[in-house]
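One structure below.
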Amino acid sequence: MAAVVVLVIILVVSLLAGVHWYVWRRLVRDTTAPGGLARRLGTAAIWVLPVLSFAALTSGRVGAPFWLERVLAWPGYLWLAVLLYLVLALLAGEAVRPVLRRVLDRRDRAAAGGPDRDAEPSTPSGSSATGTAAARASGAAGDRRRPAGAGAALGGTAEDAGADHGRAAAVAVDSAPAAQPSGTDATTGTDTDTDTEADTGTGGPAAPGGDTGATAGAGGVSRRLFVSRVVGGAAATAALGTVGYGTYGVLRGPRVKRVTVPLAKLPRAAHGFRIAVVSDIHLGPILGRAHTQRIVDSINATQPDLVAVVGDLVDGSVADLGSAAEPLARLRSRHGSFFVTGNHEYFSGADEWVDHVRELGLRPLRNERVEIAGGFDLAGVDDVAGEDEGQGPDFAKALGDRDRARAAVLLAHQPVVIHDAVEQGVDLQLSGHTHGGQLWPGNHLAELANPTVAGLERYGDTQLYVTRGAGAWGPPVRVGASSDITVVELASRQA
């Protein structure tokens, strides 16, 4: 087992090293001059940022002071999100690079050709083109016979000398072959740019195999450097814009969603019963008391009949985050607020947090059940992560002796226990845990580990609703999986 863990660590570190090298190559090496300040700063950032990310991920586990966790969290976690979208954007840019080079090749060839060299000045109607060509040839021949400076030596004026020089230059241009754009094959005109280190951005000669001075834009910037800067700049802009918008979505607070779930066994009296479901708040070094208050305000505004907090409330100890959770004491509902543990509670001292939320007025359901008057049974089970501590879910204890003629709603943090819920005849399971993938395309990975990533699905006679959660783990960023609080309205088919 230890050997497997070591192998996984080696693979992960190798992958991260390769990804950072790729980002450095495309975003730093290919766009800056060797030895320049930009090159040195970019290289330093590629070394420092992953170190900050590793420190942010491990500081809480090793018992670092909470103030240090907060210092490390913002740059360390945000870099992970930026890195993801930088790599995706740069990979997309690999398809753009050859297209852009081809466009620049054509532009350079057109610029080298200039106006049509075979076109003659317009002549009066009826004049002889042959005569014009002959006159030009005669003048050119005379120029070739006349020694340099002949106009002045024979008593001509300075104007004559200038004319002589101009005619000589015209002959040279007319007789020279069309210039080939640098970086293209003389026979086929195809791009021979090899992305070498030779370009320094000065427009000077390049090493063999690289650009040989072709320019794309002002300042003599080589084509390779120009393309690298355009693609790299676009990738950086796209990554930073995506992460910035995703961060704003988390810090703004979750949106309220509403879904109606019909239950066959729900009595007519409970028709329209509203449960405010919130999960994955993830209080920690980034999301604190203000985040909790936004969630409480949003829930109270819906005027629910019952509040269900289905795990992953915190990423840290009661000592560090107890005050951040205090606004939960202001939750308001007719039948109270209930809480079940998530896997992150077992990283943070689950028993202490259970005691703390009880002090805040929430009722923990630890493998137990309560009867909601005139309505249904509400049960809750501990998260499967608790099995490592001798706890974990106990469905028989929570649901074994109930009256199956009554509707049952189960609170369970992870959707993976849905099959146990089906065996126990549960009508509706409310879960979180997945974050809806949080960072696209993470939703595709989440689908591999969870039966449902987000939304409502049916498994036999049991329905499963999974909320995307109200916070974020790691990077305070969500892309393609906005945070939410869901008001689940139960509907009686008898009604």
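The values are calculated or read from the model by the stated rules, or taken from the named source; none is laboratory data. Keep in mind the model is a prediction, meaning the values are calculated, not measured. So basically every Cβ, Gly included, is an ideal-geometry build from the backbone, and we count neighbours across all protein chains shown.
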Quiz prompt | Single condition Ala81 does not satisfy, out of (1) in contact with a helix residue (DSSP H, G or I) (Cβ under 7 Å, 6 or more places away or on another chain); (2) not in a helix (DSSP H, G or I) | solution = (2)
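Okay, residues lined up against (1) out of contact with any helix residue (DSSP H, G or I) (no Cβ under 9 Å at 6 or more places or on another chain); (2) more than 30 Å from Gly349 (Cβ to Cβ); (3) exposed (fewer than 13 other Cβ atoms within 10 Å of the Cβ); (4) touching a residue at least 12 places away in the same chain (Cβ under 8 Å):
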position	(1), (2), (3), (4)
Val19	no, yes, no, yes
Arg25	yes, yes, no, no
Asp30	no, yes, no, yes
Pro34	yes, yes, yes, yes
Leu37	yes, yes, yes, no
Gly42	no, yes, no, yes
Val51	no, no, yes, no
Phe54	no, no, no, yes
Gly60	no, no, no, yes
Practice problem: Could you check the stretch 376-492 for strands (runs of 3 or more DSSP E) lying wholly inside it with 2 or more residues that are crowded, with 23+ Cβ neighbours inside 10 Å? | Solution: 376-380, 408-411, 428-431, 462-466, 484-492
Self-check item: Answer from Ser337, Ser333, Ser317 - the residue that is touching a Gly at 6+ places or on another chain (Cβ under 8 Å), over 20 Å from Trp473 (Cα atoms) and among the hydroxyl-bearing types (Ser, Thr, Tyr)
Solution: Ser337
Quiz item: For the stretch 285-315, which residues satisfy the criterion of being in contact with a His (Cβ under 9 Å, 6 or more places away or on another chain) and among the small types (Gly, Ala, Ser)?
Solution: Gly311
Quiz prompt | Qualifying position, being within 24 Å of Ser59 (Cα to Cα) and touching a Lys or Arg at 6+ places or on another chain (Cβ under 8 Å), among Val243, Val296, Val250 | solution = Val250
Practice problem: Go through (1) of a type in the set (Gly, Ala, Ser); (2) crowded, with 24+ Cβ neighbours inside 10 Å; (3) under 27 Å from Asp377 (Cβ atoms) and name the single condition Gly284 misses. | Solution: (3)
Quiz prompt | Wholly enclosed strands (runs of 3 or more DSSP E) of the stretch 248-365 bearing at least 2 residues hydroxyl-bearing (Ser, Thr, Tyr), closer than 18 Å to Leu410 by Cβ and over 29 Å from the mean Cα position of the chain (by Cα) | solution = none
Quiz item: Applying the selection to the stretch 346-368, what residues are touching a residue at least 40 places away in the same chain (Cβ under 8 Å) and closer than 22 Å to Ala396 by Cβ?
Solution: Tyr346, Ala350, Leu365
Self-check item: Verdict on Val340 being crowded, with 24+ Cβ neighbours inside 10 Å, touching a strand residue (DSSP E or B) at 6+ places or on another chain (Cβ under 8 Å) and either among the β-branched types (Val, Ile, Thr) or not assigned by TED's automatic domain parsing to the domain that holds Thr292 (or both)
Solution: yes
Quiz item: Just one of the numbered conditions (1) under 17 Å from Leu80 (Cβ atoms); (2) at pLDDT below 95 is not true of Val6; which one?
Solution: (1)
Self-check item: Single match in Thr434, Thr486 (criterion: touching a Leu at 6+ places or on another chain (Cβ under 9 Å), outside the structural domain of Ala81 (by TED's automatic domain parsing), closer than 30 Å to Ala73 by Cα and polar (S, T, N, Q))
Solution: Thr486
Quiz item: Pairs, please: C-beta under 8 Å, at least 6 apart or cross-chain, first residue of a type in the set (Phe, Trp, Tyr) and in the stretch 79-93, second assigned to a helix (DSSP H, G or I)?
Solution: Trp79/Leu49; Trp79/Pro50; Trp79/Leu52; Trp79/Ser53; Tyr85/Ala238; Tyr85/Ala239; Tyr85/Thr242; Tyr85/Val243
Quiz item: Out of the residues in the stretch 324-337 that are within 24 Å of Arg258 (Cα to Cα) and of a type outside the set (D, E, K, R), which is surrounded by the most Cβ atoms within 10 Å (Cβ to Cβ)?
Solution: Leu328
Practice problem: Test Thr260 against the criterion of being in contact with an Asp or Glu (Cβ under 9 Å, 6 or more places away or on another chain) and under 18 Å from Leu328 (Cα atoms), and give yes or no. | Solution: no
Quiz prompt | Set Leu328, Leu263: member being in contact with a helix residue (DSSP H, G or I) (Cβ under 8 Å, 6 or more places away or on another chain), among the aliphatic types (A, V, I, L, M) and more than 15 Å from Ala472 (Cβ to Cβ) | solution = Leu328
Quiz item: Within the stretch 308-323, which residues are farther than 17 Å from His433 by Cα and surrounded by 24 or more Cβ atoms within 10 Å (Cβ to Cβ)?
Solution: Leu321
Practice problem: Scan Gly425, Gly436 and give me the residue that is within 30 Å of Lys265 (Cα to Cα) and under 19 Å from the mean Cα position of the chain (by Cα). | Solution: Gly436
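Condition check ((1) outside the structural domain of Leu15 (by TED's automatic domain parsing); (2) modelled with pLDDT under 95; (3) exposed (fewer than 13 other Cβ atoms within 10 Å of the Cβ)) across all residues:
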position: Leu72; (1), (2), (3): no, no, no
position: Leu91; (1), (2), (3): no, no, yes
position: Leu100; (1), (2), (3): no, yes, no
position: Pro124; (1), (2), (3): yes, yes, yes
